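Enquirer: Have a look at the structure that comes next, please.
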Amino acid sequence: MPVAEAAFQQVHTLYSHHHGWLQSWLRKKLGNSCDAADLAQDTFARLLTARNPEHIAQPRAYLTSVAKNILVNWYQRQALERAYLEALAAMPEPEAPSPEQRLVILQTLHEIDAMLDTLKPLARRAFLLSQLDGMKYEDIARELGVSLVTVKRYMQQGFRGCLAVME
């Protein structure tokens, strides 16, 4: 059996044996079935791109770890969306964007959030400290315990990612 086929078969087996358990675990965390079902599917979809899924020794521990990462990203997206909607609600009516503009803005925010997830943790933190907290590069370098050159490299990575989202 080819390696790719063996990996697919292993994910299929994991799905059939553990999907119900994972969805139940997520439902307890989230408090609703719909989001739990979506995140369970996302967890198994991520397994399809994992290296060597046929070598997973403890499936439930592995699935829990993957699902927790997906759950953290989901909570971050929810918080981002709530913050945007709160800011939008605080705007005077004539300045508020149209429903179409709101959708485009939300989609762009989700794309930027996804791009930030592709950065290494220190690069993401440096970019957010600069762009959200307004910290200077020197202060970021001190905060993260890295050189100024490294902070500049992190910022370039973040800006390149943002430009790619805008293209």
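Enquirer: Within the group Ala37, Ala90, Ala45, Ala96, which residue is modelled with pLDDT of 90 or more, more than 24 Å from Ala164 (Cα to Cα), open to solvent by less than 90 Å² (accessible area, probe 1.4 Å) and of a type in the set (A, V, I, L, M, F, W, C)?
Expert: None of the others qualify; the one that does is Ala37.
Conditions (1) under 25 Å from Thr118 (Cβ atoms); (2) part of a helix (DSSP H, G or I); (3) open to solvent by less than 90 Å² (accessible area, probe 1.4 Å), marked per residue:
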{"position": "His12", "(1), (2), (3)": "no, yes, no"}
{"position": "His18", "(1), (2), (3)": "no, yes, yes"}
{"position": "Trp21", "(1), (2), (3)": "no, yes, yes"}
{"position": "Trp74", "(1), (2), (3)": "yes, yes, yes"}
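Enquirer: Of (1) touching a Phe, Trp or Tyr at 6+ places or on another chain (Cβ under 7 Å); (2) open to solvent by 60 Å² or more (accessible area, probe 1.4 Å), Ile56 satisfies all except one. Which?
Expert: The single condition Ile56 does not satisfy is (2).
Enquirer: Kindly list, by first and then second residue, each pair from a residue in segment 55-69 that is part of a loop (DSSP other than H, G, I, E, B) to a residue that is at pLDDT 90 or above and buried (at least 17 other Cβ atoms within 10 Å of the Cβ), limited to pairs with Cβ atoms under 7 Å and residues at least 6 apart or on different chains.
Expert: none
Enquirer: Then there's this: Exactly one condition in (1) charged (D, E, K, R); (2) at pLDDT 80 or above; (3) within 17 Å of Gln10 (Cβ to Cβ) is false for Asp113; which is it?
Expert: Looking at each condition in turn, Asp113 falls short on (3).
Here is a yes/no grid of residues against (1) modelled with pLDDT under 85; (2) within 20 Å of the chain's Cα centre (by Cα); (3) in a helix (DSSP H, G or I):
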{"position": "Val104", "(1), (2), (3)": "no, yes, yes"}
{"position": "Leu109", "(1), (2), (3)": "yes, yes, yes"}
{"position": "Ala126", "(1), (2), (3)": "no, yes, yes"}
{"position": "Met135", "(1), (2), (3)": "no, no, no"}
{"position": "Arg142", "(1), (2), (3)": "no, no, yes"}
{"position": "Lys152", "(1), (2), (3)": "no, no, yes"}
{"position": "Cys162", "(1), (2), (3)": "yes, yes, yes"}
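Enquirer: In this structure, is Arg46 over 16 Å from the mean Cα position of the chain (by Cα), touching a residue at least 24 places away in the same chain (Cβ under 8 Å) and part of a helix (DSSP H, G or I)?
Expert: Here the answer is no, as Arg46 does not meet what is asked.
Enquirer: Mind listing whichever residues of segment 132-167 are open to solvent by 30 Å² or more (accessible area, probe 1.4 Å), among the hydrophobic types (A, V, I, L, M, F, W, C) and more than 30 Å from Ile105 (Cα to Cα)?
Expert: Result: Val146, Leu148, Val149.
Enquirer: Of all residues in segment 109-156, how many are free of Cβ contacts under 8 Å to residues at least 12 places away in the same chain and hydrophobic (A, V, I, L, M, F, W, C)?
Expert: 6
The values are calculated or read from the model by the stated rules, or taken from the named source; none is laboratory data. Just so it is clear, the model here is predicted, and its values are computed rather than measured. A quick note on method: Cβ atoms are made from the backbone with ideal geometry, for glycine too, and the neighbour counts reach across all protein chains shown. To get the accessible areas, we keep the full protein, side chains included, count just its heavy atoms, and leave off ligands, DNA and RNA. Shrake-Rupley method; radii C 1.70, N 1.55, O 1.52, S 1.80 Å.
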